[in-house]
């Protein structure tokens, strides 16, 4: 962890009030999964080193929730479990919309279906629609309506919930969702936010991280570990529903010896869930520059 963040962690743990914790903005990310010859694989993007957040880090597609994601005109079918998402109803709805919109902008994958429950057909206006949404998120509702599509919540089960540590200058309150992408639906690097993308099995990703070949933040590493338990993409929905989802926040505290130690807590209750042992690797605000 960078020296400045280490100093902030000590101040936060001591409660001296010298560091004012920034508010965490709502965000969503989607773990795209696909059955490949190598096994279950997920899609990782390496963010360019010029990005303001998680620069140079390997992440799942996603981003910040926009005001337009609260548009009540966007058709959503299926249950929205706001309690499990630790959100109110409008926010839970916006998180789902924002997750799907961000994936469409960053990969060209539109996680929506028609009246028959079929995936959309990619035609010669697909890229124009994606570009329009990328330029103005308010266009997303119009794209869905024009194509006769709606969001089916069963395609996007909730997987996890992580909150950026309080020592960071830029913080997000992120819900993690998971989705299986059909083999015929292309996933492309079209966002301009990544300089490299790959499909990789969770086991391969963890091994590359251990070797220092893939820079990743703790939530990504933890999610890959959890995904390694899946035996097929067909297990996704049932496995996701069985998971206990809590708002996970890495937080420093002072030990009896006066040293800063890191724990992961439930951000709602304050309960300590586990000890991290070491501080979070790297920095979300500084990325690989840390």
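The values are calculated or read from the model by the stated rules, or taken from the named source; none is laboratory data. Please read all numbers here as calculations on a predicted model, not as lab measurements. We place every Cβ from the backbone using ideal geometry, glycine too, and count neighbours over all the protein chains shown.
Points worth noting:
- Cβ-Cβ distances below 8 Å connect the following pairs, each with a first residue in the range 1-25 that is surrounded by 14 or more Cβ atoms within 10 Å (Cβ to Cβ), a second residue that is part of a helix (DSSP H, G or I), and a separation of six or more residues or different chains: 1/9; 19/8; 19/11; 19/12.
- Some residue of the range 151-163 being surrounded by 15 or more Cβ atoms within 10 Å (Cβ to Cβ), under 24 Å from residue 115 (Cβ atoms) and more than 17 Å from the chain's Cα centre (by Cα): yes
- For the range 33-51, the set of residues classified as in a loop (DSSP other than H, G, I, E, B) and more than 20 Å from residue 135 (Cβ to Cβ) consists of 37, 38, 49, listed by residue number.
- Qualifying residue in the range 232-249 (condition: crowded, with 17+ Cβ neighbours inside 10 Å, assigned to a strand (DSSP E or B) and either more than 16 Å from the chain's Cα centre (by Cα) or in contact (Cβ under 8 Å) with a residue 40 or more places away in the chain (or both)): yes
- Filter result for residue 47 (surrounded by fewer than 22 Cβ atoms within 10 Å (Cβ to Cβ) and within 17 Å of the chain's Cα centre (by Cα)): no
- Residues being without any contact (Cβ under 8 Å) to a residue 60 or more places away in the chain, crowded, with 21+ Cβ neighbours inside 10 Å and in contact with a helix residue (DSSP H, G or I) (Cβ under 6 Å, 6 or more places away or on another chain) are entirely absent from the range 216-226.
- Looking across the range 1-32, the residues that are more than 25 Å from residue 209 (Cβ to Cβ) and in a strand (DSSP E or B) come down to 25, 26.
- Tally, over the range 52-70, of residues that are assigned to a loop (DSSP other than H, G, I, E, B), surrounded by 16 or more Cβ atoms within 10 Å (Cβ to Cβ) and out of contact with any strand residue (DSSP E or B) (no Cβ under 7 Å at 6 or more places or on another chain): 2
- Selection count, the range 180-219, where residues are in contact with a strand residue (DSSP E or B) (Cβ under 6 Å, 6 or more places away or on another chain) and part of a helix (DSSP H, G or I): 1
- Residue within the range 164-181 that is farther than 30 Å from residue 253 by Cβ and out of contact with any helix residue (DSSP H, G or I) (no Cβ under 7 Å at 6 or more places or on another chain) present: yes
- Looking only at the range 250-283, and only at residues there that are crowded, with 18+ Cβ neighbours inside 10 Å and farther than 23 Å from residue 17 by Cβ, the one that is modelled with the highest pLDDT: 264
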